[in-house]
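The values are calculated or read from the model by the stated rules, or taken from the named source; none is laboratory data. Please read these numbers as outputs of a predicted model, since none were measured by experiment. Positions of Cβ are generated from backbone atoms using ideal geometry, with glycine treated the same way; all protein chains shown enter the neighbour counts.
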Amino acid sequence: MTRHFLDVDDLSPEEVAEVLALASEYKESGSPHVLSGQTLAMLFEKPSTRTRISFETGMTDLGGHAIFLGPNDTQLNRGEPLSDTGRVLSGYVDAVMARVFDHDSLVEMAEHATIPIINGLSDVAHPCQALADLQTIREHFGGFEDLTVAWVGDGNNVVNSFAIAAATVGIDLTIATPEGYEPSTDAISTAAARGPKPTVTNDPDAAVADADVVYTDVWVSMGEEDERESKLAAFDGFQLNEELLPDSMPVMHCLPAHRGEEITGNVLESDRSLSWDQAENRLHAQKALLAFLAGKR
């Protein structure tokens with residue numbers, strides 16, 4: 001049976017633990033060429049820094065090869081159905097990582113592909129980021145037991161996947177967003193079925209009061225530029241700054257960051273920031289995921 005990774009719950013809690021253990025092993029000891037001779041197709045409808053470079057470098061580290069396919073490099077922009085693309089790529093490559101606007105595009109491709117389809121980001125979920133987030137938290141705190149995390153900001157695709165990931169490993173999560181910007185109810189329900197149900201509030205001060213680490217992301221995501229002014233007004237009071245955060249409380253940001261909006265430059269650049277570890281761990285977590293899906297761990 002072909003395994004896909006469209007969101008975190010495509011892996012069982014035991015499989016998440018296995019991928020994280022393998023990611024740590026690869027980070028500490030290097031990765032063997034377990035994907036020698038294999039090829040990853042990387043489909044990008046949205047631009048990327050971390051996703052492209054980490055996946056392409058990861059395939060090289062594992063002994064494989066990655067092909068970058070931008071918006072103008074395939075027949076998709078000429079109307080070829082994603083079902084056809086999934087079928088065709090299944091005959092050429094060993095896995096597909098796709099970064100898309102519409103999550104349903106991934107679902108359609110996965111339904112017709114006979115190779116793993118990996119969600120590199122969609123409007124609904126960002127599960128590869130969530131794996132790197134868990135790896136970073138475990139490295140910093142030594143595990144997940146009795147940990148409380150606060151998310152302060154937009155209820156976007158990143159927190160949708162992180163909510164599921166946090167529940168999977170037993171993290172207590174509180175999500176603080178302005179009214180009307182809460183995370184997906186489906187994501188919260190999925191999280192609650194796997195572990196502690198995330199708390200959703202509109203009070204950022206209450207969210208961070210008992211947190212061990214605070215996480216945020218941009219307020220204005222790609223494709224939302226026309227909402228910029230209204231969102232900046234709505235998110236007043238949700239910035240990660242010295243006034244909101246207790247002294248030395250660790251902070252996370254999946255990057256890119258808009259300094260002066262969701263987080264101040266002083267906080268992002270301080271010793272409390274785990275953002276650079278998160279970025280590096282995208283490479284290790286995704287290598288582990290690729291090896292796992294290929295059955296080569």
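Could you count how many residues in segment 206-226 are out of contact with any helix residue (DSSP H, G or I) (no Cβ under 8 Å at 6 or more places or on another chain), over 19 Å from P250 (Cβ atoms) and among the charged types (D, E, K, R)?
Qualifying residue count, segment 206-226: 2.
Answer with yes or no whether L121 is assigned by TED's automatic domain parsing to the domain that holds E25, of a type outside the set (S, T, N, Q), within 17 Å of the chain's Cα centre (by Cα) and at pLDDT 95 or above. If you could, list the steps in order and put the result at the bottom.
Details: assigned by TED's automatic domain parsing to the domain that holds E25: yes; of a type outside the set (S, T, N, Q): yes; within 17 Å of the chain's Cα centre (by Cα): yes; at pLDDT 95 or above: yes.
Taking the combined requirement at face value, the residue satisfies it.
Do we have any residue at all in segment 80-95 that's in contact with a helix residue (DSSP H, G or I) (Cβ under 6 Å, 6 or more places away or on another chain), closer than 21 Å to L131 by Cα and either touching a residue at least 60 places away in the same chain (Cβ under 8 Å) or crowded, with 18+ Cβ neighbours inside 10 Å (or both)?
no
Return the residues of segment 46-60 that are in contact with a Leu (Cβ under 9 Å, 6 or more places away or on another chain), in a helix (DSSP H, G or I) and of a type outside the set (G, A, S); say none if nothing qualifies.
Going residue by residue through segment 46-60, those that are in contact with a Leu (Cβ under 9 Å, 6 or more places away or on another chain) are 46, 48-51, 53-59.
Of the ones still in play, those that are also in a helix (DSSP H, G or I) are 50-51, 53-59.
Of everything in segment 46-60, those that are in contact with a Leu (Cβ under 9 Å, 6 or more places away or on another chain), in a helix (DSSP H, G or I) and of a type outside the set (G, A, S) turn out to be R50, T51, I53, F55, E56, T57, M59.
Condition check: polar (S, T, N, Q) and either part of a loop (DSSP other than H, G, I, E, B) or at pLDDT 95 or above (or both). Does T74 satisfy that?
On the way: polar (S, T, N, Q): yes; either part of a loop (DSSP other than H, G, I, E, B) or at pLDDT 95 or above (or both): yes.
Criteria met by T74.
Which of the residues belonging to segment 77-120 are farther than 24 Å from S161 by Cβ, among the acidic types (D, E) and assigned to a helix (DSSP H, G or I)?
Answer for segment 77-120, where residues must be farther than 24 Å from S161 by Cβ, among the acidic types (D, E) and assigned to a helix (DSSP H, G or I): just D84.
If you take the residues of segment 164-182 that are farther than 15 Å from L232 by Cα and of a type in the set (V, I, T), which of them is surrounded by the most Cβ atoms within 10 Å (Cβ to Cβ)?
Taking segment 164-182 first, the residues farther than 15 Å from L232 by Cα are 164-176, 182.
Keeping just the survivors that are of a type in the set (V, I, T) gives 164, 168-169, 171, 174-175.
Values: I164: 30, T168: 24, V169: 20, I171: 26, T174: 22, I175: 27.
The residue in question is I164.
Output the number of the condition that F238 fails; it satisfies all remaining conditions of (1) modelled with pLDDT of 95 or more; (2) farther than 20 Å from S275 by Cα.
Condition (2) is where F238 drops out.
Across segment 12-40, which residue is farthest from A192 (Cα to Cα) among those that are in contact (Cβ under 8 Å) with a residue 60 or more places away in the chain and not in a helix (DSSP H, G or I)?
Residue satisfying both the conditions and the ranking: Q38.
Hydrophobic (A, V, I, L, M, F, W, C), without any contact (Cβ under 8 Å) to a residue 40 or more places away in the chain and not in a helix (DSSP H, G or I) - does that describe any residue in segment 255-276?
Kept after step one, since they are hydrophobic (A, V, I, L, M, F, W, C), are these residues of segment 255-276: 255, 257, 263, 267-268, 274, 276.
Applying the additional criterion that residues be without any contact (Cβ under 8 Å) to a residue 40 or more places away in the chain yields 257, 267-268, 276.
Those still in the list that are not in a helix (DSSP H, G or I) too: 257.
Scanning segment 255-276 turns up at least one residue that is hydrophobic (A, V, I, L, M, F, W, C), without any contact (Cβ under 8 Å) to a residue 40 or more places away in the chain and not in a helix (DSSP H, G or I).
How many residues does segment 41-72 hold that are surrounded by fewer than 19 Cβ atoms within 10 Å (Cβ to Cβ), small (G, A, S) and touching a residue at least 60 places away in the same chain (Cβ under 8 Å)?
1
Please go through segment 27-40 and pick out each residue that is crowded, with 16+ Cβ neighbours inside 10 Å and over 21 Å from I115 (Cβ atoms).
Selection gives K27 alone.
Do you know which residues across segment 146-186 are touching a residue at least 60 places away in the same chain (Cβ under 8 Å) and among the hydrophobic types (A, V, I, L, M, F, W, C)?
Scanning segment 146-186 gives L147, V149, A150, W151, V152, V158, I164, A165, V169, A176.
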